[in-house]
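A.B. asks: Below you'll find the structure I mean.
The values are calculated or read from the model by the stated rules, or taken from the named source; none is laboratory data. This is a predicted model, so every value here is computed, not measured. Every residue, glycine among them, receives a Cβ derived from its backbone with ideal geometry; neighbour counts consider all protein chains shown. Side chains are part of the model used for accessible areas, which takes the heavy atoms of the whole protein and leaves out ligands, DNA and RNA. Shrake-Rupley method; radii C 1.70, N 1.55, O 1.52, S 1.80 Å.
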Amino acid sequence: MKVTFLPSGKQVEVKRGVTLLQASRLAGITIPTRCGGKAGCMMCKVDVPEGEECHLSKPGGAERNKLGTWLDQGTRLACQATVQDSVTVQVPEDKLKAAIRKQLERQAEEDTLW
């Protein structure tokens, strides 16, 4: 089964039952976590595009308790969601990298004004 990580487009072949977190590591994608995959820190959230959720395991109790209504919006914990079929997931941009990217974009816009 193939797991595709957006926005990078990196793909990795995995066996059924592998967590998205494990698949991300195999693909060289960094998804932060502090709890060691126990659904404790909520740092490993990923977004599952509409129509792709059926390719992952159903959320367990720990994941349902942590995410609540975020589940309805397509958010899953990479440490808990296991691959059941080929799937595409969106990895949120690291907050620090996002802040730096936005600052660089602002600077580039200002430079074009001069």
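A.B. asks: What is the set of long-range amide H partners of THR75 at a cut-off below 5 Å, with H atoms built 1.01 Å from backbone N?
C.D. replies: Long-range HN contacts for THR75: VAL48.
A.B. asks: With a 1.4 Å probe and all protein chains left in place, how much accessible area per residue does the chain have, in Å²?
C.D. replies: That works out to 65 Å² for each residue.
A.B. asks: What's the carbon and sulfur percent of the stretch 1-56's accessible surface, probe 1.4 angstrom, rounded to a whole number?
C.D. replies: So the carbon and sulfur contribution to the accessible surface is 51 percent.
A.B. asks: Another question, then. Hand me the GluC sites (Glu not before Pro) from the stretch 1-75 located in a DSSP loop with no more than 10 other Cβ atoms within 10 Å, in residue order please.
C.D. replies: Working: sites: GLU13, GLU50, GLU52, GLU53, GLU63; in loops: GLU50, GLU52.
Passing both the DSSP loop test and the Cβ count: GLU50.
A.B. asks: In the chain, what percentage of the DSSP-assigned beta bridges are antiparallel, given to the nearest 5?
C.D. replies: Of all bridge pairs located within the chain, approximately 70 percent are antiparallel.
A.B. asks: Picking from ALA39, ALA99, ALA23, which is most flexible by a Gaussian network model of the chain using Cα springs under 10 Å?
C.D. replies: In the Gaussian network model the winner is ALA99.
A.B. asks: Shape of the stretch 41-100 from its Cα gyration tensor (a ≥ b ≥ c, root eigenvalues): rounded if a/c is under 1.5, otherwise prolate when a/b > b/c, or oblate?
C.D. replies: oblate
A.B. asks: In the chain, what cysteines have no partner Cβ closer than 4.7 Å?
C.D. replies: CYS44, CYS54, CYS79
A.B. asks: Only one of the values (1) 2, 11, 22, 25, 21, 13, 4, 2, 0, 0; (2) 2, 13, 27, 28, 21, 9, 1; (3) 2, 12, 21, 22, 17, 9, 6, 5, 3, 2, 1, 0 was calculated from this structure for P(r) over Cα pairs in 5 Å bins from 0, in percent; name its label.
C.D. replies: Answer by label: (3).
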